[in-house]
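Notes follow the structure.
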Amino acid sequence: VQLQASGGGWMQAGGSQRLSCAASGSSFIIDRVGWYRQAPGKQRELVATISRGGSANYADFVKGRFTISRDNVKNTVYLQMNSLHPEDAAFYYCLVQLVGDGNDYWGQGTEVTVSS
C-alpha cells in the first residue's frame, strides 16, 4: 500500500487546517491508523489514533483541538487541527496498519508551520 499525505502549509496561530492521508494499492483493508509528528530536534510523537471501528484516542496536548477521522470507502484518514499553537509546528506523518498484515506503513510526511 502507498500513502500520500497532504494538507500541510503555513498557518497562523489560532487557525485551522485539515491533513489528509490517502492510501492506495490493491486488496487491502485499513485497520488502525495514527497521526504522528516530529519537530526539528525532537523525537517523533503520537498525536492521535483511530481504530477500524472509529474509536479515537488523542495525546493530551491536542485533546479538544484536533480530531482524527477516516473514510473507509475512500481509504483516507484525516486530522482536523483547530486552535493551532506555534508548538504544533512539525512534520506530520500518517501510519497505517492493515488487516491481516503485520507491517506499519508510513506516509511521507507533510510539514505544518504555525506562526505566532
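We did not get these values from a lab; they are worked out from the coordinates using the rules stated. Being a predicted model, the structure only gives us computed values, none of them experimental. Ideal geometry is used to build each Cβ from the backbone, glycine not excepted, and the neighbour counts take in all protein chains shown.
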Mean-square fluctuation maximum in Gaussian network of the chain, Cα pairs under 10 Å, restricted to Ala48, Ala59, Ala90, hits Ala59
Using alpha carbons only, how many angstrom separate the centre of segment 43-113 from the centre of segment 15-42? 5
Among Ser26, Ser55, Ser83, which one moves the most in a GNM of the chain with springs linking Cα atoms closer than 10 Å? Ser26
Normalised contact order of the chain, rounded percent, pairs of Cα under 8 Å and 6 or more residues apart: 36
Two pseudo-spin positions, 7 Å from Cα along C-beta at Trp10 and at Ser69, lie apart in nanometres by 2.9
Could you work out how much longer the chain between His85 and Lys42 gets when fully extended? Use 0.36 nm per residue separation minus the Cα distance between them, nm to one decimal. 13.8 nm
Per the Kirkwood formula on distinct C-alpha pairs, the Rh of the chain is how many angstrom? 14.1
How much length, in nm to one decimal, is gained on full extension between Phe28 and Val99, taken as 0.36 nm per residue of separation minus their Cα-Cα distance? 24.8 nm
Quick one: compute the contact order of segment 1-52, relative version, from alpha carbon pairs under 8 angstrom and 6+ residues apart, as a percent. 29
If r is the Cβ-Cβ distance from Glu111 to Ser55 and R0 is 22 Å, what FRET efficiency results, to the nearest 0.05? 0.20
